[in-house]
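The values are calculated or read from the model by the stated rules, or taken from the named source; none is laboratory data. None of the values given here were measured: they were computed from a predicted structure. Here Cβ is always computed from backbone atoms with ideal geometry, including for glycine, and neighbour counts include all displayed protein chains. Remember, those area values only see protein heavy atoms, side chains included, never the ligands or the DNA or RNA. Shrake-Rupley method; radii C 1.70, N 1.55, O 1.52, S 1.80 Å.
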Amino acid sequence: MSRVALVTGSSRGIGRAVAIRLAKDGYDICVNYEKRADKAEETAAAVRELGRKAITFKADVSDSDAVNAMFDFAGKELGEVDVLVSNAGIAGQAQIQDVTRERWDRFFAVNVTGAFNAVHEVIPHMIHEKKGCIITISSMWGLRGASCESVYSATKAALIGFTRSLAKELAPSGIRVNCVAPGVIDTDMLDELPEGVKDTLADETPLGRLGTPEDIAEAVAFLASDKADFITGQVIMPDGGFVV
Ligand code: NAP
């Protein structure tokens, strides 16, 4: 029987690596994106090359109607979703006096409400089946403060609270909920960092390098697998030792 995973924000970066890694484990994949249809198609093509089915769906995760339509489409094309990876996110640095109300709201809408919207759609089927797996993607900045990251940090800390509470609430229904909180991972998200900061962050990482999207995908694949059958409510940190 085929298994289905939906990975939000899987057109690029960590989400793409997760989609491909889960396809290697036998999942058919719904590739979600917001803007980059071209990149979403590349992810889907990589999944299909592995012999799995892939569909793409444009949905801003902050829009509950769009997320509802995405789950309907995935259900019809692939079957109900067994694994949800809530990965879509936005980041950016700003001093608190420069953080507008609009920026604050948008970060929470995508990073937190986006996760809620996806969870809300996937839960009825999982509760009915008495099984399922949800993995949220937070950040080490959700556990540790960083200058000029207050909004992003707040959203990522919120995700951790959401994950832990969901884990307790859904465990009696056989649903595991875990969080992956990456360190600094070399994706497009780092493009807006000032010159030289990437090198500094690599130096500050005890293992001496930035992480790769594949480093994160391995942690997600483990949590989605039967090997993690007794693990729920946890925050796993593939961060090269940054936060110890
Ligand atoms: P990325 O390279 O910037 O990719 C972001 C992905 O999210 C893209 O697929 C993008 O779609 C999608 N996305 C953005 N806003 C969306 C929205 N409103 N609705 C649906 N999809 C949306 O980012 P990344 O580095 O892979 O980050 C992925 C996740 O890991 C994020 O939650 C991020 O906070 C977290 N994280 C990243 C790092 C890091 O150092 N990179 C560290 C810790 C945690 P389009 O292609 O269509 O724009």
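Here are the numbers for the structure shown:
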read-out	value
Charge tally in the Cβ shell below 15 Å around G51, where Lys, Arg are +1 and Asp, Glu are -1, G51 excluded	+3
Sparse-neighbourhood loop sites, GluC sites (Glu not before Pro) in region 25-118 - DSSP loop, at most 13 other Cβ within 10 angstrom	none
Share of carbon and sulfur in the accessible heavy-atom surface of region 4-54 [1.4 Å probe, %]	44
Normalised convex hull volume, the chain, alpha-carbon set, Å³ per residue	120
Total formal charge among the other residues, if their Cβ is under 12 angstrom from that of C148, Lys/Arg +1 and Asp/Glu -1	-3
Kirkwood-type radius of region 1-60, with distances r between different C-alpha atoms, in Å	10.6
Sparse-neighbour loop sites [trypsin sites (Lys or Arg not before Pro); region 1-99; at most 11 other C-beta within 10 Å; DSSP]	K35
Solvent-accessible area per residue, Å², over the chain with all protein chains present [probe radius 1.4 Å]	47
Distance from region 16-53 to region 61-117 (C-alpha centre basis), Å	18
Dipole magnitude (debye, nearest 20) for the chain, charges at Cβ of Lys, Arg, Asp, Glu	580
